[in-house]
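Worksheet: one structure, shown below.
The values are calculated or read from the model by the stated rules, or taken from the named source; none is laboratory data. Bear in mind the structure is a predicted one, so any value in this text is a computation, not a measurement. In this analysis, Cβ positions are derived from the backbone assuming ideal geometry, glycine residues included, and neighbour counts consider all displayed protein chains. Side chains included, ligands, DNA and RNA excluded: accessible areas come from the protein's heavy atoms. Shrake-Rupley method; radii C 1.70, N 1.55, O 1.52, S 1.80 Å.
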Amino acid sequence: MVRARRAVVGGAEVPAAVGIAAGRIAVVTTYDDAPPAARTVTLEDDEVLLPGLVDTHVHVNEPGRTEWEGFATATRAAAAGGVTTIVDMPLNSVPPTTTVAALEVKRRAAEGQVWADVGFWGGAVPGNRPDLEALHRAGVFGFKCFLLDSGVDEFGHLEPDEFASAMRDCARLGALMIVHAEDGRLLDEAALDGSHYAGFLASRPDEAETAAIGLVIEQARATGGRAHIVHLSAAGAVPALRDARAAGVDVSVETCPHYLTFDAEHIADGATELKCCPPIRDAANLEALWAALAAGDLDFVVSDHSPCTADLKARGGGDFGMAWGGIASVELGLPAVWTAARARSHSPADVVRWMATAPADRVGLSHKGRIAAGADADLVRFAPEEEFVVDVAKLHHRNPISAYAGRRLTGVVRETWLRGRPVGEAPDGKLLRRGER
């Protein structure tokens, strides 16, 4: 039995007692009505009990680029940040997850070394349409595609006609297509200006996102398929998404902690640890993203944990055109979002909705991301008022690089339970398949 004066249950913060048996939540009752239990844990008065977060956008990179990240380090970092379930992206590993054989290679690499539960996305790339149905049957949670160069040669992007065909396949299968939505034709590499962030930002304008999102909406409407926009940066795309959903188009959208934390005006020249694609935009855009999140126009927040080695981040000596784009943040997503959310009068219940329940629901993990009878007993002991300064040497992901280095954040994860057991005793996470528990 876990008792907490503050617990996020059913979308609200309430006193609660949570009974756990055989790794699942057996009962949720009031704090003072807890039935007898073999063992009782009572949270401190400065702690809130949260469900384990669900991060559906994590690049683990193993096998093939394990020096960038790996299952052991990524999942240890996730658990340290209150994330008990991740879904691994199909690219940056070698081979990419574009065939069932490659999926099995990935699963064998992960076996026995995961500290959180792990599911897998499949990839939709040129030439692998015949593989999509088999991957779907093998339990991937959907398919990831790019509408422009992915940055790695082994994961090609889909041209508009190829994307239309893949969306028809996904609609037939009932599979979710998740899309890196930037239109490569609207990028302006001539705007790149070495270490100057303004040049990098100008090279990837808002219009590249809004145009590509328009294509996704068009195909989701035409096929009746399910689509999801990953890592939305440009708030200008929100009205089109809102209108499409009001018209019955099945399209959802995520944003990321870095887009809700940083703004272009405060990114120093040469600070390539903040390079990501699409880019971090200006302060007005940041506030527009927060407004969209509060209004329900953005569905959830996930990390897009995209790590690399130190030499790739420093490539070109601070040249934004040459450095690898990606931010490693799976361990810091909760405090980063909470720090910014509390400053805007949001509650822990809001953060749970954005970072646990909504992503779990979108990928069909109804037993994750909530404190409810029958759900997995994935729980987080969270101190929402405690502050800390990010020390990259203490983070658990493989390479000690972080956009948040030296930043003061509020909210500390003091303990994480996976199916009722404190994380840290053994790497006893499960490898998940869509539709199975």
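Hey, what does the equivalent ellipsoid look like for segment 1-156, semi-axes from the Cα gyration tensor as sqrt of 5 times each eigenvalue, largest first, whole Å?
39, 15, 14
Consider all pairwise Cα distances in segment 134-235 and report the whole-number % of them above 19 Å.
Considering segment 134-235, 46 percent of its Cα-Cα pairs are separated by more than 19 Å.
Tell me, what HN-Hα J-couplings in whole Hz come from the Karplus equation 6.51 cos²θ - 1.76 cosθ + 1.60 at θ = phi - 60° for each residue of segment 35-44, using x for Gly and Pro?
Values, residue by residue: x, x, 9, 5, 8, 10, 10, 10, 6, 5 Hz.
If DNA, RNA and ligands are ignored and the probe is 1.4 Å, what is the ranking of Glu133, Glu67, Glu47 by accessible area, most exposed first?
The ranking, largest first, comes out as Glu67, Glu133, Glu47.
Report, for the chain, the % of DSSP beta bridges that are antiparallel, rounded to 5.
Around 45 percent of the beta bridges assigned by DSSP in the chain are antiparallel ones.
What list of ³J(HN,Hα) values in whole Hz, one per residue of segment 26-32 in order, does the Karplus curve 6.51 cos²θ - 1.76 cosθ + 1.60 (θ = phi - 60°) give from phi, with Gly and Pro shown as x?
Rounded to whole hertz, the list is 8, 7, 10, 9, 6, 4, 8.
Segment 240-390: Rg/Rh from Cα coordinates, Kirkwood Rh? Before the final figure, lay out each step's value.
Values: Rg = 17.0 Å, Rh = 17.1 Å.
My calculation puts Rg/Rh at 0.99.
Taking 37 °C and 0.692 mPa s as the conditions, I'd like the Stokes-Einstein D for segment 275-315 in µm²/s, using the Kirkwood hydrodynamic radius from alpha carbon pairs.
263
Roughly speaking, to the nearest percent, how much of the chain's 1.4 Å accessible area is carbon and sulfur? List each step's numbers first, then the result.
Numbers: 7680 of 15680 Å².
Accessible surface attributable to carbon and sulfur in the chain totals 49 percent.
Once amide H atoms are placed 1.01 Å from N in the peptide plane, what residues at a sequence separation of 5 or more from Ile20, or on another chain, have their amide H within under 5 Å of its amide H?
Result for Ile20 returns Val2, Ala26.
At 1.4 Å probe radius, can you tell me the per residue accessible area of the chain in Å²?
36
May I ask for the distance between the Cα centers of segment 1-75 and segment 167-199, given as a whole number of Å?
Distance between centres, Cα-based: 35 Å.
I'd like the GluC sites (Glu not before Pro) in segment 262-318 restricted to DSSP loop residues with at most 11 other Cβ atoms within 10 Å, sorted by number.
Taking segment 262-318 and a limit of 11 other Cβ atoms within 10 Å, no loop GluC sites (Glu not before Pro) are found.
So, with +1 on the Cβ of K and R and -1 on the Cβ of D and E, and no other charges, what is the size of the charge dipole of the chain about its Cα centre, to the nearest 20 debye?
Numbers: 43 positive and 60 negative charges, 309 e Å.
About 1480 debye.
Mind grabbing the accessible area of Val60 for me, 1.4 Å probe, Å², rounded to tens?
0
How would Arg185, Arg434, Arg419 rank on accessible area, largest to smallest, probe 1.4 Å?
The ranking, largest first, comes out as Arg185, Arg434, Arg419.
Return the long-range amide H neighbours of Met177 (sequence gap of 5 or more, or a different chain), with a cut-off of under 5 Å between placed amide H atoms.
Placed amide hydrogens put Phe143, Arg226, Ala227, His228 under 5 Å from Met177.
Relative to the longest principal axis of the chain, what angle (0 to 90°, nearest 10) does the C-alpha long axis of helix 283-295 take?
50
Before rounding to the nearest 500, sum -39500 (n - 2.57) across all DSSP H runs of length at least 4 in the chain and divide by the residue total; then give [θ] at 222 nm in deg cm²/dmol.
-8000 deg cm²/dmol
Given R₀ = 45 Å, what would the calculated FRET efficiency be for Asp161 paired with Glu386, taking r from the Cβ atoms and rounding to 0.05? Intermediate results must be reported in sequence, preceding the final value.
Numbers: r = 53 Å, r/R0 = 1.17.
The value I calculate is 0.30.
Compare Arg437, Arg172, Arg204 by solvent-accessible area with a 1.4 Å probe and give them largest first, with all protein chains kept in place.
I get Arg172, Arg437, Arg204, largest accessible area first.
I'd like the orientation of helix 71-80 relative to the chain: the angle between its Cα long axis and the longest Cα principal axis, in ° from 0 to 90, rounded to 10.
Compared with the principal axis, the helix lies near 50 degrees.
Go through segment 287-381 and name the trypsin sites (Lys or Arg not before Pro) that are in a DSSP coil and have 13 or fewer other Cβ atoms within 10 Å of their Cβ.
Loop-located and lightly packed - Arg344.
Starting from 0.36 nm per residue, how many nanometres of slack lie between Ala343 and Ala240 once their C-alpha separation is accounted for?
Gain on extension, Ala343 to Ala240, equals 34.3 nm.
Let me cross-check Thr357: its accessible surface, 1.4 Å probe, with only protein heavy atoms counted, in Å² to the nearest 10?
My reading of the accessible area for Thr357 is about 40 Å².
Once phi is turned into θ = phi - 60°, what whole-Hz ³J(HN,Hα) does the Karplus curve with 6.51, -1.76 and 1.60 give for every residue of segment 410-417, x standing for Gly and Pro?
Couplings: 10, x, 10, 7, 8, 6, 10, 10 Hz.
Whole angstrom only: what separates the Cα centroid of segment 358-387 from the Cα centroid of segment 406-437?
10
With a Förster radius of 35 Å, plug the Cβ-Cβ distance of Glu104 and Asp32 into 1/(1 + (r/R0)^6) and report the FRET value to the nearest 0.05. All intermediate terms of the calculation are to be shown ahead of the outcome.
Values: r = 50 Å, r/R0 = 1.43.
The pair Glu104/Asp32 has a calculated efficiency of 0.10.
List every residue whose amide H lies under 5 Å from the amide H of Glu386, counting only residues 5 or more places away in sequence or on a different chain, with H placed 1.01 Å from N in the peptide plane.
Here the answer is Gly411, Val412, since their amide H atoms fall under 5 Å of that of Glu386.
How many Lys pairs in the chain lie less than 21 angstrom apart by Cα atoms, where the lysines are 8 or more positions apart or on different chains?
Qualifying lysine pairs in the chain: 5.
Using a 1.4 Å probe on the protein heavy atoms only, what accessible surface does Val125 show? Give it in Å² to the nearest 10.
Accessible area of Val125: about 20 Å².
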